[in-house]
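The values are calculated or read from the model by the stated rules, or taken from the named source; none is laboratory data. Bear in mind the structure is a predicted one, so any value in this text is a computation, not a measurement. In this analysis, Cβ positions are derived from the backbone assuming ideal geometry, glycine residues included, and neighbour counts consider all displayed protein chains. Note: areas computed on protein heavy atoms with side chains; ligands, DNA, RNA excluded. Shrake-Rupley method; radii C 1.70, N 1.55, O 1.52, S 1.80 Å.
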Amino acid sequence: MANARSPAASGHHAASAAALFRTQIEAAEAEGVARDDMTLRLTLGDVHKLKRDPGIALSDISFAGGVMRYLGVKIEPGGVTASALDRGEA
C-alpha cells in the first residue's frame, strides 16, 4: 500500500491536494491497479479541500449513492491522521 503525507500536513494548498491524489491514482493505474480496487482514505480536512477546490472539474468528482469519488476512486472520509491512497493490494 502506498502512503503519502496529507497535503494539509505538509503545508500545501488545496489545489495541491487534488494534484497529489491525481498523480497517485494515475501512477497506481499505470502499475495495473484498477480504480475500483483503490480507496482514498482522507482526513476530513482533505475531503473538505477537495469539495471546495474550484480547480476540480465537475466530471472528476461525484457524490452518487452516498459515496464520494474522485476520478472514479472511492473516498473514505475521516478516521486517519494522514491522507493516503489505498491501492487495494494485500
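So, in the stretch 26-65, how many residues would count as being open to solvent by less than 30 Å² (accessible area, probe 1.4 Å) and of a type in the set (S, T, Y)? Qualifying residue count for the region: 2.
Only one of the numbered conditions (1) open to solvent by less than 70 Å² (accessible area, probe 1.4 Å); (2) of a type in the set (S, T, Y); (3) farther than 16 Å from Q24 by Cα is not met by Y70, and that is (3). Residues in the stretch 74-90 that are within 18 Å of R52 (Cα to Cα) and not in a loop (DSSP other than H, G, I, E, B): K74, I75, E76, P77. Considered as a group, the residues in the stretch 61-90 that are within 10 Å of the chain's Cα centre (by Cα) and among the acidic types (D, E) include one that is farthest from D46 (Cα to Cα), and that residue is D86. Residues in the stretch 16-52 that are in contact with a Lys or Arg (Cβ under 7 Å, 6 or more places away or on another chain) and over 18 Å from S62 (Cβ atoms): A28, V33.
Of the residues in the stretch 24-57, how many are assigned to a helix (DSSP H, G or I) and within 10 Å of the chain's Cα centre (by Cα)?
In the first step, residues of the stretch 24-57 are kept if they are assigned to a helix (DSSP H, G or I); the result is 24-30, 35-37, 44-52.
Going one step further and asking which of them are within 10 Å of the chain's Cα centre (by Cα), we end up with 24-25, 46-47, 50.
Going through the stretch 24-57 one residue at a time, the tally reaches 5.
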